[in-house]
Amino acid sequence: MSGFDIAWLDLRAPADRAARDAGLLRRAAARLGQVEQPLVIDLGSGTGASFRALAPLLGHTARWRLVDKDPLLLAEAARRCLGVETLAFDLGQGLPPIGGSHLITASALVDLVSAAWLQALATAVTRTGAALWASLSYDGRLSWTPAHSLDEAVHAAFDSHQHRDKGFGPALGPDGVSHLEERLVQAGYQVATADSAWRLGIADATLTLALIEGIAHAVQETCRITDADLAAWRRFRRAAAATGTALVGHRDLLAYSATIV
């Protein structure tokens, strides 16, 4: 993982910054503030978005290990996030060692993985005693203005695609956060979630256009909508991108044990 290029990650970065729940972010930082030289391990790090969101709240004592299978993304992360350690590792093959960590972070990952993968993550996290901050997981909400008659059908087809194998086995898609929350609560963790939806407007037209293309490509692969109908929906959405709005639902999750490790 990650399977995303630098251009896409940079394009979505402003929307991600605006969407992440600030309350959970502060609570994650406050928890690490009780630990001297905490170790943070970021899974599927990309270019280091989780680091850039959280590191300013932690000071310079935290140690970071950024994990991704893409060497180009890791090289860019090392350039942008001074002082981090990087680890090339394919999360589709399992989890890297997380022993000794105080916080595990992941951005836009939980919706891509399988139930078995999340169970392994929950088991590893709770065994270690680390906290977990998982941000920007797609939760199944998708809406547009102005409306189009095919919006609902496109949405249903897109969500069906989100359950396909993304390299981790059959993906949980929009059910990922609730599944992870249940596993962690069963293990005795305290869990809080919060809304982190993208709310895109006129200023986000370039991202909206890229989002439309990505959704259309995924929907086409499902064969649930005719090519002609999908092309009509795509033309309408592209024409509306400069003046309309889009909401893409995400949720953030923070989980921790009663004990500071």
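All of the numbers you see were taken from the coordinates with simple rules; none came from a lab. All figures in this text were calculated on a predicted structure; none of them were measured in a lab. No Cβ is skipped: glycine too gets one built from the backbone with ideal geometry, and neighbour counts run over all protein chains shown.
General observations
- Spatial separation of Cα centroids for region 1-43 and region 221-260, in angstrom: 21 Å
- Using the average count of surrounding beta-carbon atoms within 10 Å as a protection proxy, the listed peptides 225-232, 43-50 rank, highest first, as 43-50, 225-232.
- For Ala197, the amide hydrogen comes within under 5 Å of the amide hydrogens of His250, counting only partners 5 or more places away or on other chains and with H modelled in the peptide plane.
- Calculated from backbone phi, Karplus (6.51, -1.76, 1.60) coupling profile of region 40-57 in Hz, x at Gly/Pro: 10, 10, 9, 8, x, 5, x, 8, x, 4, 5, 4, 5, 6, 9, 4, x, 8
- Of the trypsin sites (Lys or Arg not before Pro) found in region 220-261, those in coil by DSSP whose Cβ has at most 16 other Cβ atoms within 10 Å are Arg224.
- Spread over its residues, the convex hull of the C-alpha atoms of the chain is 113 Å³ per residue.
- In region 6-256, taking the dipole from charged Cβ atoms about the Cα centre, the farthest positive-side position among Leu132, Leu172, Trp233 is held by Leu132.
- DSSP beta bridges in the chain [antiparallel fraction, %, rounded to 5]: 50 percent
- FRET efficiency, Ser178 to Gln220 (Cβ-Cβ, R0 30 Å, nearest 0.05): 0.60
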